[in-house]
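Taking it in order: structure first as structure tokens, then the write-up.
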Amino acid sequence: MSRRCLAAFGIVAGAAALLVAAVLLTLVSVTPAQTTSPAAPPPTAADPPPAPPALPPGYVGAETCKGCHAEAYDKFSHTKMGRLFLHQARDSKEAAGCENCHGPGQAHVEAGGGKGKGGLITFAKNDATPVEKRNGVCLSCHTKGARIFWQGSAHESRDVPCTGCHKVMTDVSPKGQLTKETVIDTCGSCHLQKRAQQMRTSHMPLREGEIMPMLREGKMTCTSCHNPHGTVTPALLKEPSLNATCYTCHTEKRGPFLWQHAPVVESCANCHDPHGSNHDAMLKMPRPRLCQQCHIETQHPTRPYGRDTGSLKFVMGRSCSDCHINIHGSNHPAGFAFTR
């Protein structure tokens, strides 16, 4: 009897396994066909491109400008702004192309073209359009970042136009669309004295391309310390103070020190000229004369470059820093005279 039960149980189990296998095969073959949606046809080259944004009233479009200004159009089309306005406009304002900066051109076209017709802004040096209005065109897009303090800045208050430093219609510099190839050349076109100071023997590493690469020139630019678009500090410095600007690189001079040197805390420019000098470490005057502007003959009976016994004894090698080596500050308990 038990053998019969086992045989029957085996038959039932085999039939159930066959039934489950058949159901699974049915689901596998049927489910993809029922759940998969038909794929969308791939786009073809024959599909028309999206329509450009509509132009506002009074605008004629960049193609109309190209009819007379083909050379300027070709140069502009290779710049970053030209590629955006002429080929990848994102809204109606950018789609205006040339008229986005020069203003609507319908009146200019109807007047037959020519200089001074139609009320266009030319951005030339002899353009009668006020500088504030010309700069307003640029600031209508470039409002954030380094330009938030442009209003009231040194350059804005002196009617410096944006096109005095930047050239939009053609690429001259690798970046920034500057009127000169480098930042120092652009700033130096007005700040001639500071540009000349960079030619001195002791200077910041700004003179890119003028000295052998092994001297590591070109590591800085004028904008490493200054923001020409405006700041809340004097001299358009990027940091809150002159010392804070210097400390961004010379952090070892920051302190705090146990013994503070008063002129160092007040301003680094008391002793150094950051734009260049003919003395060591960009000092304004050679040592010991620099130190002896403040330290009169009270303890050391010396004279600048004196040949007397006191001068030769206390100013060895013509330098006070032979003994007072930590002139920026000292943390040693016995360093009140900055000797260690």
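Every read-out reported here was derived from the displayed coordinates using simple, explicitly stated rules and does not represent laboratory data. Keep in mind the model is a prediction, meaning the values are calculated, not measured. Note: ideal-geometry Cβ built from the backbone for every residue, glycine included; neighbour counts use all protein chains shown.
Counting every other Cβ atom within 10 Å of each residue's Cβ, 123, 76, 314 order from fewest to most as 314, 123, 76. For the set 93/175; 284/313; 80/253; 180/253; 93/194; 180/238, the pairs lying more than 32 angstrom apart at their alpha carbons are 80/253; 180/253; 93/194.
The stretch between residue 336 and residue 238, if pulled fully straight at 0.36 nm per residue, gains 32.0 nm over its current Cα-Cα span.
Grab the beta carbon distance between residue 87 and residue 154, set R0 = 41 Å, and tell me the FRET efficiency rounded to 0.05.
0.65
The share of Cα pairs per 10 Å bin across the stretch 62-120, counted from zero up to the longest distance, runs 24, 54, 21, 1 percent. Scanning residues 5 or more positions from residue 272 or on other chains, those with amide H under 5 Å from its amide H are 284, with H placed 1.01 Å from N in the peptide plane. For a label point 7 Å from the Cα of residue 68 along Cα→C-beta, name the residues of the stretch 77-107 whose backbone N is under 12 Å from it. Only 105-107 pass the distance filter. Calculate I(q)/I(0) for the stretch 242-322 by the Debye formula, one identical point scatterer on each C-alpha and no solvent, and give its log10 at q = 0.12, 0.16, 0.17, 0.24 Å⁻¹ to two decimals. Computed log10 I(q)/I(0) values: -0.42, -0.71, -0.78, -1.18. Remark on residue 178: its backbone amide H falls under 5 Å from those of 167, 172, 173, a criterion applied only to residues 5 or more positions apart or on other chains, H modelled at 1.01 Å from N. Here the stretch 164-193 is scanned for amide nitrogen atoms under 20 Å from the site 7 Å beyond the Cα of residue 109 along Cα-to-Cβ, giving none.
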